[in-house]
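Novice: Would you mind keeping the following structure in view while I ask a few things?
The values are calculated or read from the model by the stated rules, or taken from the named source; none is laboratory data. Given the structure is predicted, the values throughout are model-derived calculations rather than measurements. Neighbour counts are summed over all protein chains in view; Cβ atoms, including those assigned to glycine, are modelled from backbone coordinates with ideal geometry. Just so you know, the surface numbers come from the protein's heavy atoms only, side chains and all, with ligands and any DNA or RNA stripped out. Shrake-Rupley method; radii C 1.70, N 1.55, O 1.52, S 1.80 Å.
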Amino acid sequence: MVTELPKVRQDVRVEITAVSVSLDDLESDLRLAARRGRDLRDYLSDSGVQGTYSVTIRTEDQLRSADKAPPFMVSSKGKPLTTVRITYDTVD
């Protein structure tokens with residue numbers, strides 16, 4: 001993903017949806033999702049993706065109760081996936 005970004009870009013926005021639904025309790029899922037979000041943010045930042053970061057922490061319980069939440073991307077087995085979206089403008 002990082003290597004596909006143009007070298008000259010502006011107004012970079014990184015949106016991370018960090019998900020965990022596999023642990024035994026909600027608090028454990030939230031902690032794992034938060035760690036995944038931080039790890040992704042740090043990796044992208046360390047790789048030179050500078051801009052505004054938005055990290056959303058999600059669990060299956062929140063998905064069922066939050067009707068305004070963005071939909072998850074899911075694996076072939078139907079499990080929700082942690083996702084990253086990077087938007088930017090190119091400099092002409």
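Novice: Give the angle, between 0 and 90 degrees and rounded to the nearest 10, that separates the Cα long axis of helix 26-46 from the longest principal axis of the Cα atoms of the chain.
Specialist: Computed tilt is about 10 degrees.
Novice: Could you tell me which label, among (i) 43, 26, 16; (ii) 38, 25, 22; (iii) 48, 24, 23, carries the value of Cα extents along the principal axes in Å calculated for this structure?
Specialist: Entry (iii).
Novice: Also: Can you compute the modelled spin-label distance between THR87 and ASP42, with each label point 7 Å from Cα toward Cβ, in nm?
Specialist: Placing both labels 7 Å along Cα→Cβ, they lie 2.8 nm apart.
Novice: Give the accessible surface of the chain per residue, rounded to a whole number of Å², with probe radius 1.4 Å and ligands, DNA and RNA excluded.
Specialist: Values: 6470 Å² over 92 residues.
In whole numbers, the chain has 70 Å² accessible per residue.
Novice: Here's something else I'd like to know. What figure, in Å² to the nearest 10, do you get for the accessible area of GLU4 with a 1.4 Å probe and non-protein molecules left out?
Specialist: Its heavy atoms expose roughly 150 Å² to the probe.
Novice: On the accessible surface of the chain, probed at 1.4 Å, how many percent belong to carbon and sulfur atoms? Numbers along the way, then the final one.
Specialist: On the way: 3100 of 6470 Å².
The C+S portion of the solvent-accessible surface of the chain is 48 percent.
Novice: When all protein chains stay in place, what accessible area (Å², nearest 10, 1.4 Å probe) is found for ASP42?
Specialist: Spelled out: ASP42, probe radius 1.4 Å, area about 70 Å².
Novice: When only the heavy atoms of the protein chains count and the probe is 1.4 Å, how do LEU26, LEU40, LEU5 rank by accessible area, highest first?
Specialist: Reading off the accessible areas and sorting them downward yields LEU26, LEU40, LEU5.
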